[in-house]
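What follows is one structure encoded as structure tokens, with my remarks underneath.
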Amino acid sequence: MSDGTATTTTDLDVRLEKHRVELTGYCYRMLGSSFEAEDAVQDTMVRAWRSYDKFEGRSSLRSWLYRIATNVCLDMLTAGNKRARPMDLTESTPLAQAALSPRPDNTWLEPMPDNRVLPSTEDPAEAAVAKETVRLAFMAALQQLPAKQRAVLILREVLAWKASEVAELLDTTVASVNSALQRARATLAEQQQPGAEAAVADPLDEEQQKLLERYVAAFEGYDMTALTALLHEDAIMTMPPFDLWLTGVKDITGFMTTLGAPCAGSRLLPVQVNGLPGFAQYKPDPEAGGFTPWAVQVLEVSDGRITGFHCFLDTKRWFPLFGLPLHLEAEAHQVEEGV
């Protein structure tokens with residue numbers, strides 16, 4: 001390979017990489033899976049790199065990449081799998097009947113670190129919209145749409161593309177795009193998605209920051225009285241890959257002191273996940289000492305209370321995705337907390 005070709009190749013790699021985060025956000029909204037989204041983007045990059053000599057520049061490089069990414073996602077969605085949250089699949093279970101029944105990984109809507117799907121922007125309004133459109137409730141609503149309606153809604157409503165641009169990307173007409181958008185909006189309007197009311201400031205306001213500080217103190221102290229004061233009376237708790245979900249303070253705290261009792265003494269590290277505040281939960285490791293990964297928690301907050309408490313338990317997948325250590329020394333946590 002000549003130096004000139006090498007330089008061109010490097011330049012193309014740099015140009016493609018500039019779009020990785022926003023493309024990952026798009027594919028994540030389309031697929032509902034962190035890992036499938038990253039696979040889809042990698043496939044998109046490979047296809048673009050291989051066929052770049054056929055790219056005639058009639059559209060922008062960004063538009064061309066979105067066209068490839070859309071086709072990749074539509075191909076992946078042909079199996080018809082709709083990722084879901086536990087409350088999308090079953091009725092709430094009373095604590096007295098609680099049983100931990102796992103379902104396969106491909107059942108579940110997956111969490112995603114903000115920095116992998118939210119491009120940096122200096123526009124606060126744009127940043128707020130981006131965060132709102134990766135929140136779990138919105139993501140769950142998207143999964144209810146047929147694949148092409150999903151693409152149209154994301155491109156038009158989230159990414160603010162013109163109808164003519166979407167029509168060109170999907171090889172269809174503006175009328176068809178407008179019709180699909182109308183149907184998608186109607187479907188979303190009909191749905192009552194738990195968590196849709198979550199209202200988290202960006203950045204967190206003082207009241208929300210204090211709420212999270214009180215939550216950390218209550219959870220790490222396993223103080224159910226303090227936790228009760230922070231939870232909305234109709235709060236929801238989920239624990240994928242288990243399809244069990246609980247409603248109400250009494251059942252949630254009751255679970256935590258019975259089946260969830262081994263979580264007493266846990267430590268929490270903050271993470272930014274799905275445009276919401278979250279924590280990596282480490283519970284005590286009686287064999288190795290220190291703390292071992294247990295869950296990525298995602299919190300939904302509304303009117304000064306926690307309304308959603310979602311624990312993603314597949315730590316061997318989630319902790320590396322979030323760049324989190326797979327063991328936490330007791331001393332390290334004390335230093336971090338300023339002890």
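The values are calculated or read from the model by the stated rules, or taken from the named source; none is laboratory data. None of these values were measured; they are calculated from a predicted model. Every residue, glycine as well, gets a Cβ built from its backbone with ideal geometry; the counts of neighbours run over all protein chains shown. Keep in mind that these areas ignore ligands, DNA and RNA; they rest on the heavy atoms of the full protein, side chains included. Shrake-Rupley method; radii C 1.70, N 1.55, O 1.52, S 1.80 Å.
If I ask for residues that are open to solvent by less than 70 Å² (accessible area, probe 1.4 Å), in a helix (DSSP H, G or I) and among the charged types (D, E, K, R), which ones from the stretch 97-141 would you list?
114, 131
Are there any pairs, at least 6 apart or on different chains, whose C-beta atoms fall under 7 Å, with the first in the stretch 306-319 and within 27 Å of residue 209 (Cβ to Cβ) and part of a strand (DSSP E or B) and the second among the aromatic types (Phe, Trp, Tyr) and open to solvent by less than 20 Å² (accessible area, probe 1.4 Å), and if so, which?
Close Cβ pairs (under 7 Å, with a partner that is among the aromatic types (Phe, Trp, Tyr) and open to solvent by less than 20 Å² (accessible area, probe 1.4 Å)) amount to 306/215; 312/318.
Could you list, in sequence order, the residues of the stretch 147-157 that are open to solvent by 70 Å² or more (accessible area, probe 1.4 Å) and either among the aromatic types (Phe, Trp, Tyr) or without any contact (Cβ under 8 Å) to a residue 40 or more places away in the chain (or both)?
If the condition is that a residue be open to solvent by 70 Å² or more (accessible area, probe 1.4 Å) and either among the aromatic types (Phe, Trp, Tyr) or without any contact (Cβ under 8 Å) to a residue 40 or more places away in the chain (or both), then 157 is the only one that fits.
Restricting attention to the stretch 286-305, which residues are touching a residue at least 40 places away in the same chain (Cβ under 8 Å), within 23 Å of the chain's Cα centre (by Cα) and assigned to a strand (DSSP E or B)?
Selection gives 295, 296, 298, 299, 300, 301, 302, 305.
Can you find a residue that is crowded, with 19+ Cβ neighbours inside 10 Å, of a type in the set (D, E, K, R) and on the phi < 0 side of the Ramachandran plot anywhere in the stretch 246-263?
Yes, because at least one residue in the stretch 246-263 is crowded, with 19+ Cβ neighbours inside 10 Å, of a type in the set (D, E, K, R) and on the phi < 0 side of the Ramachandran plot.
Taking the criterion of being part of a loop (DSSP other than H, G, I, E, B), over 24 Å from residue 18 (Cβ atoms) and over 24 Å from the mean Cα position of the chain (by Cα), would at least one residue in the stretch 202-221 satisfy it?
yes
Here is a list: 295, 198, 235, 218. Which entry is touching an Asp or Glu at 6+ places or on another chain (Cβ under 6 Å), among the aliphatic types (A, V, I, L, M) and open to solvent by less than 30 Å² (accessible area, probe 1.4 Å)?
Answer to the check: 198.
Determine, yes or no, whether residue 272 is under 23 Å from residue 127 (Cα atoms), in contact (Cβ under 8 Å) with a residue 40 or more places away in the chain and not hydroxyl-bearing (Ser, Thr, Tyr).
For residue 272, the condition - under 23 Å from residue 127 (Cα atoms), in contact (Cβ under 8 Å) with a residue 40 or more places away in the chain and not hydroxyl-bearing (Ser, Thr, Tyr) - is met.
Consider residue 280 against the criteria (1) in contact (Cβ under 8 Å) with a residue 12 or more places away in the chain; (2) among the aliphatic types (A, V, I, L, M); (3) in a helix (DSSP H, G or I); (4) within 21 Å of residue 330 (Cα to Cα): it satisfies all of them except one. Which criterion is unmet?
(3)
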